[in-house]
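Below you'll find the structure, written out as structure tokens, and then a few comments.
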Amino acid sequence: KLYQDMESRIENAANMGRVPEEVHSKHKGFSQWDSYSSRTDHDTILQILLDGKDSSAKDVDGNVMPILVYLAREKRPHVAHNFKAGAMNSLIRVSSMISNGDIILNVDCDMYSNNSQSLRDALCFFMDEDKGHEIAFVQTPQCFENITKNDLYAGSLRVIFEMDFHGMDSLGGPLYIGTGCFHRREILCGRKFNDQIKKEASLHELEEKSKALASCTFEKNTLWGKEMGLQYGCSLEDVMTGLSIKCKGWKSVYYNPQRKAFLGVAPNTLPQALVQHKRWSEGCFQIFLSKHSPAWYAYGFISPGLQMAYCYYNLWVFLSWPTLYYCIIPSLYLLKGIPLFPQMSSPWFIPFAYVMLGDSSYCLMEFLWSGGTVKGWWNDLRLCLYKRTTSYLFAFVDTIFKFFGFSESTFIVSAKVAEEKVSQRYEKEIMEFGNSSPMLTLLATLALLNLFCLLGMLLKQVFINQEGLRIFYTMTLQVLLSGVLVLINVPVYQGLFLRKDKGRLPISVAAKSTALALSACFLFISTS
């Protein structure tokens, strides 16, 4: 009931465009927002809502409520605020002044606790008599409550969290992924910042002292963002910070309970999913190109196995190039009737077929072992193709531009609210496109290119040249590859030509992608 009341008050304020007067008068924190001019230009706004000493402030079970603080750090247009990392560092400093707890829990704004025992279990790792002194942070998997039965957009990252991170756990611990993580405070901000005995102070004194810690200029000429707190200079500051911590000799632990510790909301449209993967892969590549690259910065500080694990994620973007090659070149040569792989009668056909069959079978068994379904694996395969040909490619190009100073880093915030119709289509596992972004245009172009090449080959070889099944004998692997690509892109064809709802691909995308795909086919055929 308390949560519903709060939700109702927030919705009313959002609909009115302002905080009602009767609510405004209850909290002095609202009056501090009078300095507000924009979300990037305002004073520090801080209020201690519960100080942890008020015996009348109790929960439904009669327990005294802990300290609760509202903080909006100071922001000015001329001072870099460093996005999420800057916000985290302000929270770390302010909480050091007010409560100074030994353990810090970090979760994203769209996640909530789903397991009341997770904190107790995390403390067991920190307090372990044999290994506890080595542990810097305990990482839980990033789980979502709105994943469909067959995981339409592969948002659960099932294989990563159910297999890969368990493997990293034996090598020194998983990545710090920015949410669902328990940290030792002293590791993040250093003993020097907190080595004095905390003195009792009034709420007013604490609030005034803490405001200075959230000032936009507090970090100037300090080690914050470099040696203290979360590190700056990368859109995946959490991964870079975790690596830096491990290079100081610390380890992490992966905690994956049967009842998930925290739940959030996964992307429920394809553009959201692709943008999210672009941010992740771009941030990972930025780390690889930085002075904090696991390839050289971590050499000698962490195990070679953990180095390779970090590099695997840091080099995601390079998967775009071989994937693009296999999505384009074999299909174009199929259209022209030129085989690129051995025909069935050749002994060299066996290793090619073995690699294709073996890799697919292994990935399927790995996915099923992780708790997925066959259709879920097919969806995962589709998203793997889509993110490699769009998200990773755009991430590679953007990172190179930023590396040479042609553009600046930005932080993309994921959408937290979806329209009702969008949510309904998502629950029915109908793919949502809905815009004309360059990513979707490229996606549609590649899908149509493979369709036109396969249909063109069938028309030319089977019906015009009347070669019949001979073409399937000489170009088996190319036909199979092109056929799989066409099947995997069925939702794209539906979005281009069959669907009428708002989640379809716009007509402009259909026109551009059709023109580009046909042009590529005709140009390739016309070349000698």
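Below, the figures for the structure above:
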{"read-out": "For the chain, projected area of the alpha-carbon convex hull averaged over all directions, nm²", "value": "30.1 nm²"}
{"read-out": "Virtual spin-label span in nm between residue 53 and residue 519, 7 Å along Cα→Cβ", "value": "7.2 nm"}
{"read-out": "Degrees separating the helix 2-16 axis from the principal Cα axis of the chain, which is the longest one", "value": "70 degrees"}
{"read-out": "Cα gyration tensor category, rounded, prolate or oblate, for region 256-311 with a/c compared to 1.5", "value": "oblate"}
{"read-out": "Inter-probe distance in nm under a simple model that places probes 7 Å from Cα toward Cβ, at residue 352 and residue 114", "value": "4.4 nm"}
{"read-out": "At q = 0.12 Å⁻¹, base-10 log of I(q)/I(0) for region 43-127 (Debye sum, equal scatterers on each alpha carbon)", "value": "-0.50"}
{"read-out": "Estimated FRET transfer efficiency when R0 is 41 angstrom, pair residue 308-residue 16 (beta carbons, to 0.05)", "value": "0.15"}
{"read-out": "Table column - 3J(HN,Hα) (Hz), region 387-404, Karplus curve with 6.51, -1.76, 1.60, x for Gly and Pro", "value": "6, 6, 8, 10, 4, 5, 5, 5, 5, 4, 5, 4, 5, 5, 4, 5, 4, 9"}
{"read-out": "Burial ordering of 522, 285, fewest other beta-carbon atoms within 10 Å first", "value": "522, 285"}
{"read-out": "Derived scalar couplings ³J(HN,Hα) [region 442-454; Karplus, 6.51 cos²θ - 1.76 cosθ + 1.60; whole Hz; x for Gly, Pro]", "value": "5, 4, 5, 5, 5, 5, 5, 4, 5, 5, 5, 5, 5"}
{"read-out": "Protection-proxy order for peptides 395-405, 11-21, 433-443, each taking the mean of Cβ atoms within 10 Å per residue, highest first", "value": "433-443, 395-405, 11-21"}
{"read-out": "Footprinting exposure proxy for 473, 392 (fewest neighbouring C-beta atoms within 10 Å first)", "value": "473, 392"}
{"read-out": "Other-chain or far-sequence residues with amide H under 5 Å of residue 103's (modelled H)", "value": "185"}
{"read-out": "Over 31 Å (Cα to Cα) - which of 131/278; 84/375; 53/251; 226/251; 26/220 fall in this group", "value": "131/278; 84/375; 53/251; 26/220"}
{"read-out": "Ranking of 310, 333 by count of other Cβ atoms within 10 Å, fewest first", "value": "333, 310"}
{"read-out": "Long-range amide H partners of residue 144 with built H, under 5 Å", "value": "264"}
{"read-out": "Acute angle (nearest 10 degrees) that the helix 304-314 long axis makes with the longest principal axis of the chain, alpha-carbon atoms", "value": "80 degrees"}
{"read-out": "Two-site FRET efficiency, residue 343 against residue 419, from Cβ-Cβ distance with R₀ of 60 Å, rounded to 0.05", "value": "0.70"}
{"read-out": "Between 0 and 90°, nearest 10: helix 374-386 axis offset from the chain longest Cα axis", "value": "90 degrees"}
{"read-out": "Rounded to whole Hz, the Karplus (6.51, -1.76, 1.60) HN-Hα couplings of region 210-223, x for glycine and proline", "value": "6, 4, 4, 6, 9, 5, 6, 10, 4, 7, 4, 6, 10, 8"}
{"read-out": "P(r), alpha carbons of region 209-284 - 5 Å bins starting at zero, rounded %", "value": "3, 11, 13, 15, 18, 18, 13, 7, 1, 0"}
{"read-out": "Charge-dipole axis of the chain as Lys and Arg at +1 and Asp and Glu at -1 on Cβ define it, positive-most pick from 106, 371, 472", "value": "472"}
{"read-out": "For region 316-380 and region 51-83, distance of Cα centres in Å", "value": "52 Å"}
{"read-out": "Distant-in-sequence amide H partners of residue 108 (H built 1.01 Å from N, under 5 Å)", "value": "180"}
{"read-out": "Segment residue 480-residue 400, extension gain: residue separation times 0.36 nm, minus the distance between their alpha carbons", "value": "25.3 nm"}
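Where a number appears in this text, it was derived from the coordinates with a stated rule and is not lab data. Only a predicted model underlies this, so the values are computations on that prediction, with no experimental measurement involved. For neighbour counting, all protein chains shown are included, and Cβ atoms are generated from backbone atoms with ideal geometry for every residue, glycine included.
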